[in-house]
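What follows is a set of notes on a single structure, which appears directly below.
The values are calculated or read from the model by the stated rules, or taken from the named source; none is laboratory data. From a predicted model like this one, the values you see are computed outputs, not experimental measurements. Cβ coordinates were reconstructed from backbone atoms using ideal geometry, including for glycine residues, and neighbour counts include every protein chain displayed. Ligands, DNA and RNA are excluded from the accessible area calculation, which covers all protein heavy atoms including side chains. Shrake-Rupley method; radii C 1.70, N 1.55, O 1.52, S 1.80 Å.
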Amino acid sequence: MNIYTFRDEEQFVQTGANLISSLLHTNPRATLGLATGSTPVGLYAKLIEMNRQGLVSFAQTTTYNLDEYVGLPENHPESYRTFMNEKFFNHVDIQMDRTHVPNGNAADPEAECLNYDKMLEEFGPVDLQLLGLGHNGHIGFNEPGESLSGGTHVVELQEKTRNANARFFPTLDDVPTHAITMGVATIMKARQILLLVRGEDKAEIVHRALTGPITTECPASLLQCHPNVVVLLDQGAGRLLV
């Protein structure tokens with residue numbers, strides 16, 4: 001595991017963008033696993049800038065997003081499909097039919113999970129999986145628990161997770177209670193993982209995830225078992241690491 005801490009936001013996002021750009025220069029047909037949330041927004045903005053400058057192309061790239069809320073229409077302003085379109089896909093030269101986000105509004109969510117795993121098995125593995133880190137240690141929407149699901153599955157969101165996401169909705173009651181998420185086993189199949197974490201409020205969970213015991217009670221701690229993980233932290237998130 002390679003861990004880097006940055007004082008400067010520009011260096012933080014540029015380092016992540018350079019890692020993705022280098023992969024696509026080597027393999028233009030690479031498969032990217034993408035994430036939503038506030039942390040990767042700066043990275044996506046940097047990649048858009050580099051794409052416009054001709055420094056990187058997504059024309060042959062395929063993407064699979066980690067997760068999606070259950071019960072939100074695809075065009076809902078807070079759906080993760082809308083997020084990805086507005087923050088990234090609409091602004092680069094990617095082919096929309098090669099971008100994949102779980103259908104959280106599927107009539108049969110369990111069938112949607114099986115279909116998503118089938119696509120990942122057929123066209124994967126993911127070459128680089130982008131991850132954020134939840135305050136409770138979740139990756140994707142894999143919440144802490146006595147056990148974790150390996151494949152894509154429907155998960156009930158914990159109160160802490162819903163509270164953290166409530167800032168994006170009119171009220172807490174509007175935050176979906178369930179989501180579809182890639183499982184930990186699927187995430188761990190990625191050839192490389194890029195974990196981005198920002199904010200002093202994440203320092204404690206960063207310390208637990210990267211240096212603590214490997215346990216399903218902190219799903220991100222399982223990343224310690226992966227052979228190729230790059231962790232980018234801002235100074236606040238990394239303040240408890242020696």
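Which of the following residues is open to solvent by 40 Å² or more (accessible area, probe 1.4 Å) and not acidic (Asp, Glu): His100, His135?
The conditions single out His135.
Within the stretch 120-138, take every residue that is at pLDDT below 95 and among the hydrophobic types (A, V, I, L, M, F, W, C) and give me the one that is nearest to Thr161 (Cα to Cα).
Checking each candidate, the answer is Leu120.
If a residue counts only when it is of a type outside the set (S, T, N, Q), over 30 Å from Gln14 (Cβ atoms) and open to solvent by 10 Å² or more (accessible area, probe 1.4 Å), which strands (runs of 3 or more DSSP E) contained entirely in the stretch 149-219 have at least 2 such residues?
Strands (runs of 3 or more DSSP E) meeting the threshold: 153-156.
More than 24 Å from His100 (Cα to Cα) and either in contact (Cβ under 8 Å) with a residue 60 or more places away in the chain or surrounded by fewer than 17 Cβ atoms within 10 Å (Cβ to Cβ) (or both), is that true of Arg7?
So Arg7 passes the test.
For the stretch 143-175, which positions are over 18 Å from Leu222 (Cβ atoms) and either acidic (Asp, Glu) or in contact (Cβ under 8 Å) with a residue 60 or more places away in the chain (or both)?
Answer for the stretch 143-175, where residues must be over 18 Å from Leu222 (Cβ atoms) and either acidic (Asp, Glu) or in contact (Cβ under 8 Å) with a residue 60 or more places away in the chain (or both): Val154, Glu156, Glu159, Phe168, Phe169, Asp173, Asp174.
Find the residue count for the stretch 226-241, including only residues that are open to solvent by 30 Å² or more (accessible area, probe 1.4 Å) and either among the aliphatic types (A, V, I, L, M) or under 15 Å from the mean Cα position of the chain (by Cα) (or both).
Residues that pass the stated criteria total 2.
How many residues are within 14 Å of Tyr44 (Cβ to Cβ) and either exposed (fewer than 13 other Cβ atoms within 10 Å of the Cβ) or aliphatic (A, V, I, L, M) (or both) when one looks only at the stretch 10-20?
4
Tally time: how many residues in the stretch 107-132 are open to solvent by 20 Å² or more (accessible area, probe 1.4 Å) and part of a loop (DSSP other than H, G, I, E, B)?
The total comes to 6.
Test of understanding: among Gly150, Gly137, Gly132, which residue is within 22 Å of Glu110 (Cβ to Cβ) and among the small types (Gly, Ala, Ser)?
From the options Gly150, Gly137, Gly132, the qualifying one is Gly150.
Limited to the stretch 22-59, what total is found for residues that are surrounded by fewer than 14 Cβ atoms within 10 Å (Cβ to Cβ), of a type in the set (Lys, Arg) and over 24 Å from Met119 (Cβ atoms)?
1
Of the conditions (1) closer than 22 Å to Leu210 by Cβ; (2) under 15 Å from the mean Cα position of the chain (by Cα), Leu148 satisfies every one except a single condition; which number is it?
Here Leu148 clears every test but (2).
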